[in-house]
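Rule-based calculations on the coordinates, nothing more; no lab input. Just so we're clear, the structure is a prediction, and the values are computed from it rather than from any experiment. We place every Cβ from the backbone using ideal geometry, glycine too, and count neighbours over all the protein chains shown.
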Amino acid sequence: MLVSVFVVCLSLYLTEASNLTKSFSDINSPSYFANKVLNSLILLETDISQQCKFQMSYYVDTLLSSPKSFWALQMFDSGAKLPSGIFTGNLVDLGFFEQCINTYNNATVEIIFGKYCIGVIPFTSVLDATKLPHFQIPRSVLPRIEAGLQIATCLPSGCLAHEIEKIYEKLDVPLEFDESLCQTKANKTKLSNGDIAMVSFLAIIFSVILSSTAYDIVITYLRKKPFTPVFLAFSVLTNGKKLIETINKSNQISSIHGIRVLTIMWIILGHKYTIGALLPVRNYLHFLEFIREPANMFVFNSFVSVDTFFLLGGIVVVYTFMGAMKNGIKFNIFSYYIHRYLRLTPLIAVVIGIYATILKHLGSGPIWPGMIHSHLVNACQQHWYWALLYVQNFVLVGDEIVTNTWYLSVDFQLFLISPVLLLSLKKWPRITLIVIGILTILSSIAAFLTSWFLEISLNMFTKFDIDRFSNYKKYFYYPAWIRCSPWLIGIIVGYVIFEIKQRQKKIVVNKIIVLVLWMASLATLYLCVFEGYDLIMLKNDKLINAFHMALVRPSWAIALSWIIFACTIGYGGPVNWFLSLPIFQVISRLTYSIYLTHYAVLFVVAAQLTTPAVFSNFQM
């Protein structure tokens with residue numbers, strides 16, 4: 001249906017836009033473009049600045065001269081034309097970014113640089129909505145339909161975006177521009193005081209690491225003991241040995257290392273596709289087909305991977321606490337919270353600092369300002385403190401700082417309430433386990449009611465309903481009381497595993513029961529990921545969707561819990577062997593760093609795109 005709507009909209013758009021098409025074909029000629037601009041400048045005598053008028057006049061005069069100057073032809077050539085392949089979803093022509101910003105002329109009093117801007121021709125500017133009486137199209141049925149054609153221009157740097165807009169309006173091309181999306185070589189962002197401070201901070205850290213490593217090498221060579229262990233705290237050698245060291249103790253849950261690594265890989269894959277969907281692509285129709293292919297539900301439903309982290313978080317919290325209590329360590333709630341905060345916050349503070357300062361200097365490209373500034377830099381500059389307080393999932397929905405760190409806020413909030421459950425488990429285990437079970441059910445009921453009343457469903461993603469998606473994030477995806485069911489299940493599983501290990505007795509389970517539980521677990525995991533395809537294809541059945549949205553997270557957590565439990569008590573077989581591989585133990589120690597940094601890496605690589613991409617599994 002979406003593909004049909006897309007094609008119909010484009011057909012009507014191009015039918016209504018015959019004058020627009022003619023205007024583009026006319027201005028593809030340098031001489032015609034120059035003459036039209038000259039006429040426009042006369043009509044816009046009082047509407048544009050003298051600087052813009054002077055530079056544009058000089059530019060078009062040069063285009064009309066014979067022989068034509070290379071810089072003027074270069075500037076004209078850098079601008080985009082009407083894109084081909086519109087019926088496959090190619091709604092973007094990015095022109096030639098590098099050539100545009102490297103164009104300049106110093107023959108005049110002031111140097112004229114090329115100014116690269118991306119303009120939009122909204123479909124609404126040429127498409128009469130009354131032409132679609134038989135279609136109920138949401139205003140955001142497709143982001144690129146709502147935006148329209150995106151066309152790059154290259155004009156003299158003396159003109160501001162609103163002036164370029166007026167010039168093109170006189171050319172019968174209704175382009176809309178935003179100054180923040182325009183770029184020149186001359187106004188490239190310079191280092192601010194904040195940028196210099198961050199670079200200095202990173203330089204100091206690097207110097208400390210270098211000095212500590214050099215000291216480590218020297219005392220190792222001289223076979224001497226360090227003057228103080230503090231001097232080795234930042235040594236690459238000492239920390240590297242700890243990083244690659246593998247521990248095989250009977251009291252550890254070794255399978256969670258492999259699960260943690262596979263989960264972070266799945267999260268990165270999902271984010272790569274998510275970011276890919278933001279890019280200009282030549283075959284956007286293929287994206288519409290992609291999300292309706294059953295096999296691609298592995299990517300589309302990758303959001304359940306975060307529930308794995310919540311499950312593991314619950315297991316680790318209770319297992320660590322019970323181990324400390326067994327060893328006679330007195331519980332101090334103040335140090336409990338401070339230790340957690342200091343363990344998480346320094347790295348996220350550095351990442352936010354890099355986002356807010358030097359990240360914008362790490363690349364360039366046609367879509368760089370729109371991708372990097374809009375999605376990463378601006379929020380970090382304005383709201384960085386909310387992330388350090390771990391409350392951004394409540395106050396910054398839609399304007400998140402380091403988008404994927406919402407998980408850390410929820411995880412920290414759950415950690416804050418954990419002492420109540422942990423101390424209760426220590427004193428009244430049976431009653432507390434029942435209470436935790438009830439809380440898990442209440443969380444699922446909250447998810448059901450939220451999904452029901454807000455009509456949250458998987459097929460809202462294929463309809464690109466921005467309003468419903470915003471409600472989904474604000475009221476369903478981010479709140480801790482909705483996300484807590486896997487974490488609570490992890491508390492139960494971690495406690496049970498700890499008690500079993502303390503008894504040091506082999507658990508004997510009937511092989512048939514083990515087989516049935518393994519089959520049920522794998523089937524549940526499969527359904528949690530791929531069952532969503534049927535819900536996407538169905539009409540918006542509120543009851544079915546509400547049950548799915550309420551049960552998918554606890555079902556995923558319970559199924560995964562059996563795998564962890566089976567691997568722990570000796571019924572994991574080859575699965576336990578694989579998940580317990582030493583390499584996973586090493587990489588597992590890096591998952592927090594990978595989680596915090598991978599998003600920026602993916603964005604920086606994607607934002608340097610200079611031509612529309614091809615959306616496919618191999619390209620992503």
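Annotations for the structure displayed:
- Residues in segment 305-314 carry Karplus couplings, in order, of 4, 5, 5, 5, 4, 5, 4, 5, x, x Hz; the curve used is 6.51 cos²θ - 1.76 cosθ + 1.60 with θ = phi - 60°, and Gly or Pro positions show x.
- Taking amide H as placed 1.01 Å from N in the peptide plane, Val92 has its amide H under 5 Å from the amide H of Gln150, each at least 5 places away in sequence or on another chain.
- Burial ranking of peptide ranges 332-340, 447-455 (average Cβ count within 10 Å, highest at the top): 447-455, 332-340
- Taking a ≥ b ≥ c as the square roots of the eigenvalues of the Cα gyration tensor, an a/c ratio of 1.5 or more together with a/b larger than b/c marks segment 189-245 as prolate.
- For segment 259-275, putting each phi into the Karplus relation 6.51 cos²θ - 1.76 cosθ + 1.60 with θ = phi - 60° gives couplings of 5, 5, 5, 4, 5, 5, 5, 5, 4, 4, 4, x, 5, 5, 5, 4, 5 Hz, in residue order, rounded to whole numbers and with x for Gly and Pro.
- For Ala613, the residues whose amide H sits under 5 Å from its own are Val281, Arg282, ignoring neighbours fewer than 5 places away on the same chain, with H placed 1.01 Å from N.
- Centroid-to-centroid separation of segment 77-114 and segment 293-334 [C-alpha atoms, Å]: 50 Å
- Residue-wise HN-Hα coupling along segment 377-390, computed from phi with Karplus coefficients 6.51, -1.76, 1.60 (Hz; x: Gly, Pro): 6, 4, 4, 5, 5, 8, 10, 4, 5, 5, 5, 6, 8, 6
- Over 26 Å between alpha carbons, listed pairs Lys426/Lys505; Lys326/Lys505; Lys188/Lys272; Lys330/Lys427; Lys427/Lys501; Lys53/Lys360: Lys188/Lys272; Lys53/Lys360
- Residues with amide H under 5 Å from that of Lys115, placed H, sequence gap 5 or more: Leu155, Ser157
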